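Read through the structure below, which is laid out as structure tokens, and then see the notes.
The values are calculated or read from the model by the stated rules, or taken from the named source; none is laboratory data. Because the structure is a prediction, the values reported are computed rather than measured. Ideal geometry is used to build each Cβ from the backbone, glycine not excepted, and the neighbour counts take in all protein chains shown. Accessible surface is based on the protein model in full, side chains and every heavy atom, while ligands, DNA and RNA are left aside. Shrake-Rupley method; radii C 1.70, N 1.55, O 1.52, S 1.80 Å.
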Amino acid sequence: MYDLIKSRRSIRKFKDTPITAEQLAKYIDAGRVAPSGMNLQPIKYVAIASKEMCDKLFPLLKWAGYLAPNYNPKEGERPTAYIAVCADKSIREGGYDKDIGAAIENIILTALSDGVGACWIMSVERQKASELLGLSDNLVLSDVIALGYPAESPKEVRIDDGIKYYLDDTDTLCVPKRGIDEVLIKTV
């Protein structure tokens with residue numbers, strides 16, 4: 001599990017290989033069993049697998065802010081599925097952000113264990129996407145997870161000149177991360 005977690009990177013370039021409804025159900029099931037405050041379980045999902053709906057959702061998402069628009073997925077590199085993550089306000093009015101984070105990480109790691117890459121997208125045109133997906137008023141669209149088989153292999157690099165990810169001389173996406181020596185304050 002540790003190696004899987006250490007290998008996880010946001011994928012923004014995908015192969016044109018479909019993700020099945022069964023795969024999406026498996027990933028959502030992994031999200032379903034994530035911890036939930038007071039065990040209220042207010043998180044709900046929309047699985048998006050049709051090419052038509054994927055094409056309509058794509059322009060409502062913002063990609064790779066530090067490298068946009070040049071690094072945005074192009075035709076043939078786009079995700080072949082998405083999972084829209086929502087909170088049901090009729091179950092819990094607020095305070096569900098940690099539930100969402102735990103569920104999304106479960107989804108991403110389960111997908112990765114199947115060789116499927118993911119990108120957790122927080123920059124979403126929520127009103128338009130909610131209308132596109134036909135969400136009821138009690139559902140708050142929080143985030144979207146883009147899914148597909150990776151067509152890139154981003155790598156972790158140590159933070160030297162800042163936190164912004166970048167392309168190296170070989171056009172490999174480099175993602176700066178703080179070292180353990182910078183984040184572990186002390187052991188007591």
Qualifying residues in the range 63-91 (those that are of a type in the set (Ser, Thr, Tyr) and assigned to a loop (DSSP other than H, G, I, E, B)) - the one surrounded by the most Cβ atoms within 10 Å (Cβ to Cβ): Thr80
Pairs, first farther than 20 Å from Thr80 by Cα in the range 134-156, second in a strand (DSSP E or B) and open to solvent by 40 Å² or more (accessible area, probe 1.4 Å), C-beta under 8 Å, six or more apart: Leu139/Lys44; Glu156/Lys177
Residue within the range 47-62 that is β-branched (Val, Ile, Thr) and surrounded by fewer than 22 Cβ atoms within 10 Å (Cβ to Cβ) present: no
Condition met for Ile107 (among the β-branched types (Val, Ile, Thr), farther than 19 Å from Pro73 by Cβ and surrounded by fewer than 18 Cβ atoms within 10 Å (Cβ to Cβ)): no
Selection within the range 1-40 - charged (D, E, K, R), part of a helix (DSSP H, G or I) and in contact with a strand residue (DSSP E or B) (Cβ under 9 Å, 6 or more places away or on another chain): Lys6, Arg32
Number of positions in the range 156-188 that are open to solvent by 90 Å² or more (accessible area, probe 1.4 Å) and either in contact with a Cys (Cβ under 6 Å, 6 or more places away or on another chain) or of a type outside the set (Asp, Glu) (or both): 12
Cross-chain or 6+ apart pairs with Cβ under 9 Å, the range 110-122 first and more than 14 Å from Lys13 (Cβ to Cβ) and open to solvent by 10 Å² or more (accessible area, probe 1.4 Å), then among the charged types (D, E, K, R) and not in a strand (DSSP E or B): Thr110/Lys26; Thr110/Asp29; Leu112/Arg8; Asp114/Lys26; Trp120/Glu105; Met122/Lys62
Members of the range 45-62 found to be assigned to a helix (DSSP H, G or I) and of a type outside the set (D, E, K, R), listed by number: Met53, Cys54, Leu57, Phe58, Pro59, Leu60
